[in-house]
């Protein structure tokens, strides 16, 4: 779905850094996985091909926020 987005907040020593992985085209999605101490966030096509990947050490990740695409229903409720 276009609009899927994941924000990653990482400890960078004396400060924090925020990274964002976004599904750039319709039909793509963002998937997260934690394997062997590494957090992996990938943009994936409908067929399952990985377009791009961001990898972070799990011990440095402070927050991982997944934000799905907003649906039209929520907008209709706000207007009412």
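Computed from the coordinates by the stated procedures, all read-outs in this text should not be read as laboratory data. Keep in mind that what you see is a predicted model, and the values were worked out from it rather than measured. Using ideal geometry, Cβ is built from the backbone for each residue, glycine included, and neighbour counts are taken over all protein chains shown.
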Within the stretch 12-29, residues within 12 Å of the chain's Cα centre (by Cα) and not in a loop (DSSP other than H, G, I, E, B) come out as 18, 19, 20, 21, 22, 29
Of the residues in the stretch 30-66, those that are part of a loop (DSSP other than H, G, I, E, B) and loosely packed, with under 13 Cβ neighbours inside 10 Å come to 36, 37, 46, 47, 48, 49
Can you spot a residue in the stretch 8-16 that is in contact with a strand residue (DSSP E or B) (Cβ under 8 Å, 6 or more places away or on another chain) and free of Cβ contacts under 8 Å to residues at least 12 places away in the same chain? no
